[in-house]
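To start, the structure under review is shown below, and the notes come after it.
The values are calculated or read from the model by the stated rules, or taken from the named source; none is laboratory data. Model, not experiment: these values are computed from the prediction. Every residue, glycine among them, receives a Cβ derived from its backbone with ideal geometry; neighbour counts consider all protein chains shown. The protein model used for the area step is the full one, side chains on, heavy atoms only, and it has no ligands, DNA or RNA in it. Shrake-Rupley method; radii C 1.70, N 1.55, O 1.52, S 1.80 Å.
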Amino acid sequence: QVQAVESGGGLVQAGGSLRLSCAASGTIFSSNRMDWYRQAPGKQRELVATITSAGTTNYADSVKGRFTISGDSAKNTVFLQMNHLKPEDTAVYYCNLKLTPYRGSNREYDCWGQGTQVTVSS
């Protein structure tokens, strides 16, 4: 089935920036919503940011003012610009696309990225 491909992770110092990219190909579906999650060692996966096909965005309190989500739901591409990174942002970041056959459909299918490591040193 369809899997999204992620890139852009890496090792940066505190205060630095990274831009994550995620894209799904091989499908004619589009995304109702596109999300970024992260999972740190020993912790549960948490929702970091989300963007709807209408462009509405939401962020976890811990990243508000520092992270920006953007993308193109018709092309199944989503980005996460991360600025002023902190060591506590260290985690594996996963994108998830809520695929739908057409805008307005009530059917959705999860399309997950493979994960990309973000490490922020102090």
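I'm trying to understand the selection: among the residues of region 77-117, which are part of a loop (DSSP other than H, G, I, E, B) and either polar (S, T, N, Q) or free of Cβ contacts under 8 Å to residues at least 40 places away in the same chain (or both)? Within region 77-117, N83, T90, G104, S105, N106, R107, Q114 qualify. Would you call V120 open to solvent by less than 50 Å² (accessible area, probe 1.4 Å) and in a strand (DSSP E or B)? For V120, the condition - open to solvent by less than 50 Å² (accessible area, probe 1.4 Å) and in a strand (DSSP E or B) - is met.
Please report, ordered by residue number, the strands (runs of 3 or more DSSP E) entirely within region 8-68 with at least 2 residues that are touching a Lys or Arg at 6+ places or on another chain (Cβ under 7 Å), surrounded by fewer than 18 Cβ atoms within 10 Å (Cβ to Cβ) and of a type in the set (S, T, N, Q). Give the steps one after another, and end with the answer.
Values: elements: 10-13, 18-23, 30-39, 46-52, 57-59.
Answer list for region 8-68: none.
Candidates G9, G71, G26, G16: the one that is of a type in the set (G, A, S) and modelled with pLDDT under 95 is G26. Any idea how many residues of region 90-113 are surrounded by fewer than 21 Cβ atoms within 10 Å (Cβ to Cβ) and more than 11 Å from the chain's Cα centre (by Cα)? Summing the residues that are surrounded by fewer than 21 Cβ atoms within 10 Å (Cβ to Cβ) and more than 11 Å from the chain's Cα centre (by Cα) in region 90-113 gives 13.
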